[in-house]
């Protein structure tokens, strides 16, 4: 026999007494008619409170406002209610009023103030005809479960709430508890009324009642309206009495679960009895201060199918409370009933394992609440799924989804149903924080619903939320596309409308879309025409017309191709008439071409992220027809990795075993001009080299002319030169200066000794570049507050737009790319310009010297420390303009690895530094540049913006020799390359090496440990630790992974006369971490 919300009746039946629903609290709430009408109000130019009125209900202990009507035209308009008793305040905008069903939170005291706040120029009104008023306490109440002392004690579990509901003069109170991060809660079914006019408020952190038993309400921040539309319930016999629903955020937009936590539910049936505790907001008058506040009782319990029987004490109002297994801490049931028999009084509830309840939880909570931080992606196994996306008010945001099925997105009522297999997304412009739309916070912030409408299958979808990465004009940005990624989002600001070039380099299955500011700032769908500008395929450059304002660039998968990451994505935008966008050296390049036996092409990834080469191929035009390699498929090139395209797929003998080799057509190359291009999946030649022919011995007949240079559609200036006296055939070729890319012949040197699969020497004669070169020097560097001074030593003014720096903060640390000049910046002849991280200028800076704050132009930051570093200046074409490598403070250890891309002769030796003084190094007063460390010295008094006044210590080491020691294959191998110029040809090379770890130049032997002499004596006659420089003054040796153990070593390299042993050149200390 079941009784629903009725007093418990005692039936005289043999050995059986009834089972009764534990009654909700009787809430003494009444309707009180009031009159508070603003009439239509017009805000002034500054906005603010347009109307207010105090409402007082004598004799009541608390008030809830019921709005009869309102008009709030914009999201910046609001109704504000304040308690005159304790100052608690609630702000209700349009969204909050919908969630609170035109009611307010509960306010303590008998008087409140109602205010209408309007945005500038807005009009609105509010009308209140009645309030709900809380009266005196009804006393202890009747639990319906007679007998026994009350053993309950106060408890303060933040996950348990008091449920207060009132409509049409009827009030009631029960208990509920949170069960997941989506703020889903459980309670008893007989406590629930889903009628539209019925508002249930969940109160957490409830304070003690007054001495008379009158309840007190918690702060407004701890009150949450129940999402009435989400309620599902059953009000039947014990074991089938339950309710499940979600809570809306509080008035501040905070979710209950995020603030108060939640119970984990048991997942296993336990047949044996176990200890339980019951938490609830029950009736009590011992003392009255415990009335309707949270209390705890304990007892034994057991599971009987979908029924829970337990012996923890309860009173009216405890219905809906959690029955918790004291051993596991998990909620096992919902308290709902009490029963009596000759054995005594027991309580009963519904197991959280009950089938109908579990199904309802899945429906109400969706597939579970999923937190979706910026950048993360999550698989969606079922629907609906509720997400938490933390919106921004200062950048674009996007949420995307991709799936073999057709899934729909919905955020705050904005739906995107692009459909098909393509990536769908919604995006919003957080920069627009005024006017119509979401104002300071997007509507529905924190909620995203994904619903499937299957057309092609039911495989899980994947969702991703991103905040935009801000792009600076002309500055390429490199990111990694993971296999789980759905989209990447970038933003950029256009100050002057016009034509802009977009450059995107990445996987062929990626596409891009550009959106402008638009007419409103709410969430917009991919398919929306509002603010859409252009779209295209990654890999193909594009020109777009853009207006003024913040724009979004969305990069998504095409939906039809699975991208197996990680692969790199490079994005850049710049005005159409400005210097080239992709002018840094982090990219995939052709690094060596040989017309030896066999012919071939080497390609290397100099980016910091992997690159997919799917659909890529190599073209070779030698004047006798185009030769094409195989088209790559499923090939990803890791950072630093080298691959080869070889004639007929033949592996060259010098290539290390791990180098991948791809097939290329048979190539017939002789003395003629030829060109080689690297072509991506979009058919764009992303890199090209043009090699000059050798026509010295060619005798032209009358009327004959030399053939023209073939071109393959790439950007290239000048020509790469063949090595002098090179044979037509043999292991000869041209190689790129390692990592340098300015699309000119001067990036290349001729080589008589091919080195496929290995780092290039950088020796040999350089090619040509017809473009005018203007010299600007790095003139002074301070590592104390990080300033870099440039000086124009050219005879004409230089426009620095697009110029950039590569700077490292120490050995084995990646370079920072610094871009101070996104717009035109003229530097007059002889003039100085200082670059700093922030707005604080050097105090000595003259009034007529220019200063650039990197933070103001999104230019990066200067990374210098007391460690050794290098810093290189490149022009807008990517040509190296100036370079300096330093030691650490007061030592002789020079920065060695990794290197800023440069020819070996661009800088040799080391610039010495001192810890004393200003921490500054500089050139002399004339800014002389001999390309060595001897040009530099420590500066006693910093003179940023003026000629340097003199050195406070010895200048650096100026020996013209460069020794590059590089880890390869992630540190498993070693490459050592020596360059000293043809005047050192035939010289004997050897190493003084100490393997005790790094002594920072403080050892007794030129800064090395004494063991370096012993090691030199032992290895001086052992190859490859010694050797002789070739005709270009170059020497190299390479060790594959596994040959050497891991160690930290200090080296000094020397070149001696092969006959007398006289030391011709030596290096500073070179650190190696192998």
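The values are calculated or read from the model by the stated rules, or taken from the named source; none is laboratory data. Quick caveat: nothing in here was measured; it's all calculated off a predicted structure. In this analysis, Cβ positions are derived from the backbone assuming ideal geometry, glycine residues included, and neighbour counts consider all displayed protein chains.
Per the listing 877, 873, the residue uniquely part of a strand (DSSP E or B) and surrounded by 18 or more Cβ atoms within 10 Å (Cβ to Cβ) is 873. Only one entry of 533, 564, 479 meets the criterion of being touching a strand residue (DSSP E or B) at 6+ places or on another chain (Cβ under 9 Å) and part of a loop (DSSP other than H, G, I, E, B), and that entry is 564.
May I ask you to verify whether residue 538 is touching a strand residue (DSSP E or B) at 6+ places or on another chain (Cβ under 6 Å), surrounded by fewer than 23 Cβ atoms within 10 Å (Cβ to Cβ), modelled with pLDDT of 85 or more and within 26 Å of residue 377 (Cα to Cα)? Criteria not met by residue 538. Selection over the stretch 902-941 of residues that are farther than 26 Å from residue 831 by Cβ, assigned to a loop (DSSP other than H, G, I, E, B) and touching a helix residue (DSSP H, G or I) at 6+ places or on another chain (Cβ under 9 Å) gives a count of 2.
In the set 63, 79, only one residue is within 42 Å of the chain's Cα centre (by Cα) and either assigned to a helix (DSSP H, G or I) or surrounded by 16 or more Cβ atoms within 10 Å (Cβ to Cβ) (or both); that residue is 79. Filtered by the rule that a residue be at pLDDT below 85, within 55 Å of the chain's Cα centre (by Cα) and outside any strand (DSSP E or B), the stretch 122-142 gives 135, 137.
Only one of the listed residues (693, 677) is touching a strand residue (DSSP E or B) at 6+ places or on another chain (Cβ under 9 Å), more than 15 Å from residue 601 (Cα to Cα) and either modelled with pLDDT under 85 or not in a loop (DSSP other than H, G, I, E, B) (or both). That residue is 693.
Given the structure, is residue 1041 at pLDDT 90 or above and touching a strand residue (DSSP E or B) at 6+ places or on another chain (Cβ under 6 Å)?
No.
For residues in the stretch 185-213 being farther than 24 Å from residue 238 by Cβ and modelled with pLDDT under 90, which is surrounded by the most Cβ atoms within 10 Å (Cβ to Cβ)? In this case the residue turns out to be 199. Remark: residue 1016 matches the filter, which requires a residue to be under 22 Å from residue 957 (Cβ atoms), modelled with pLDDT of 90 or more and part of a helix (DSSP H, G or I). Of the residues in the stretch 1048-1057, at least one is surrounded by fewer than 20 Cβ atoms within 10 Å (Cβ to Cβ), modelled with pLDDT under 90 and within 49 Å of the chain's Cα centre (by Cα). The single condition from (1) free of Cβ contacts under 8 Å to residues at least 60 places away in the same chain; (2) assigned to a strand (DSSP E or B) that residue 976 fails is (1).
Can you find a residue in the stretch 821-829 that is more than 28 Å from residue 477 (Cβ to Cβ) and either out of contact with any helix residue (DSSP H, G or I) (no Cβ under 6 Å at 6 or more places or on another chain) or at pLDDT below 95 (or both)? Checked against the condition, which is being more than 28 Å from residue 477 (Cβ to Cβ) and either out of contact with any helix residue (DSSP H, G or I) (no Cβ under 6 Å at 6 or more places or on another chain) or at pLDDT below 95 (or both), the stretch 821-829 yields at least one hit. There is no residue in the stretch 806-815 that is touching a strand residue (DSSP E or B) at 6+ places or on another chain (Cβ under 7 Å) and farther than 19 Å from residue 887 by Cα. Scanning the stretch 286-308 for residues that are buried (at least 17 other Cβ atoms within 10 Å of the Cβ), over 48 Å from the mean Cα position of the chain (by Cα) and outside any strand (DSSP E or B) yields 288, 289, 290, 291. Take residue 890 and decide whether it is modelled with pLDDT under 95 and in contact with a helix residue (DSSP H, G or I) (Cβ under 8 Å, 6 or more places away or on another chain). So residue 890 does not fit the description; no.
Pairs linking a residue in the stretch 71-93 that is farther than 9 Å from residue 118 by Cα and outside the structural domain of residue 107 (by TED's automatic domain parsing) to a residue that is crowded, with 20+ Cβ neighbours inside 10 Å and at pLDDT 95 or above, with Cβ atoms under 6 Å and 6 or more positions apart or on different chains, do not occur.
Please indicate, with yes or no, whether at least one residue in the stretch 629-640 is modelled with pLDDT of 90 or more, outside any strand (DSSP E or B) and on the phi > 0 side of the Ramachandran plot. Within the stretch 629-640 (the criterion being modelled with pLDDT of 90 or more, outside any strand (DSSP E or B) and on the phi > 0 side of the Ramachandran plot), the answer is yes, since at least one residue qualifies.
Filtering 1001, 1027, 997 for residues that are outside any strand (DSSP E or B) and either assigned by TED's automatic domain parsing to the domain that holds residue 908 or surrounded by fewer than 20 Cβ atoms within 10 Å (Cβ to Cβ) (or both) leaves a single hit, 997.
Whether any residue in the stretch 613-623 is assigned to a loop (DSSP other than H, G, I, E, B) and surrounded by fewer than 17 Cβ atoms within 10 Å (Cβ to Cβ) is what I want to check. Yes, some residue in the stretch 613-623 is assigned to a loop (DSSP other than H, G, I, E, B) and surrounded by fewer than 17 Cβ atoms within 10 Å (Cβ to Cβ).
Give the residue that is modelled with the lowest pLDDT, with candidates limited to residues of the stretch 680-690 that are outside any loop (DSSP other than H, G, I, E, B) and crowded, with 19+ Cβ neighbours inside 10 Å. Per the criteria, the residue is 686. Can you give me the number of residues within the stretch 853-869 that are farther than 24 Å from residue 811 by Cα and within 20 Å of the chain's Cα centre (by Cα)? The qualifying residues number 2. There is no residue in the stretch 334-351 that is modelled with pLDDT of 85 or more, under 30 Å from residue 299 (Cβ atoms), touching a strand residue (DSSP E or B) at 6+ places or on another chain (Cβ under 8 Å) and loosely packed, with under 15 Cβ neighbours inside 10 Å.
Restricted to the stretch 957-973, and to residues there that are outside any strand (DSSP E or B) and more than 42 Å from the chain's Cα centre (by Cα), the residue that is surrounded by the fewest Cβ atoms within 10 Å (Cβ to Cβ) is 958. Filtering the stretch 484-495 for residues that are surrounded by fewer than 16 Cβ atoms within 10 Å (Cβ to Cβ) and without any contact (Cβ under 8 Å) to a residue 24 or more places away in the chain leaves an empty set. Confirm whether residue 408 is over 25 Å from residue 254 (Cα atoms), modelled with pLDDT under 80 and surrounded by fewer than 20 Cβ atoms within 10 Å (Cβ to Cβ). Yes: the conditions hold for residue 408.
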